[in-house]
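Following: one structure in structure tokens, then a few remarks.
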Ligand code: NI
């Protein structure tokens, strides 16, 4: 297991389109590393494999890490996702580990139905809404080389600087840990 380095904008690797997963390969190590990397980042609710330079259509989502929102599914390992249906439109703030200094107001569908395969190669279908749908859609964008900056209506009025999350090393010292409730509406993903 390893915490993987996360690529940061403007790394051109973030713009690549990822390949579908072929279930003949052993994904266990990659999945463990992605999970460890996501859970190591305070407040992080999602991570896509290409953010770690792995250009496969894999994403992990755990909206339950944000205590201010409802999460229907908790941790999901989502492979080769397809959005089958979406409705509504909501403008809300997002962050991203690959854009650590920024947040932005991004329009996303309010509700989606998605089909994907889990870590065992079993087909799954989910219906998620609001925050959880936003996280899935944000991560899915990474598989196609799309960042939230590509989605904002205006770079001038919809993008904001933010303070960095406190690093884990700092937490281990005397400073108090940042409570989850201090996380912005959508934590880095
Ligand atoms: Ni992201």
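Summary table below
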| quantity | calculated |
| --- | --- |
| Whether region 62-136 is rounded, prolate or oblate, judged on the alpha carbon gyration tensor where a/c under 1.5 counts as rounded | prolate |
| Of every Cα-Cα pair in the chain, the percent that sits beyond 30 Å | 14 percent |
| Percent breakdown of C-alpha pair distances by 10 Å bin, ordered from the shortest bin, for region 21-117 | 13, 43, 37, 6 |
| Cβ-derived FRET efficiency at R0 35 Å, residue 156 paired with residue 70, nearest 0.05 | 0.60 |
| Helix-only CD estimate at 222 nm, as mean residue ellipticity for the chain, using -39500 (n - 2.57) per DSSP H run (n ≥ 4) | -5000 deg cm²/dmol |
| Using a Förster distance of 35 Å, the FRET efficiency for residue 16-residue 127 (Cβ separation, nearest 0.05) | 0.75 |
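The numbers here are math on the coordinates, done by the rules we state, and not lab data. The structure presented is a predicted model; accordingly, all values stated were derived computationally and were not measured. Note that we place each Cβ from the backbone using ideal geometry, even for glycine, and neighbour counts take in every protein chain shown.
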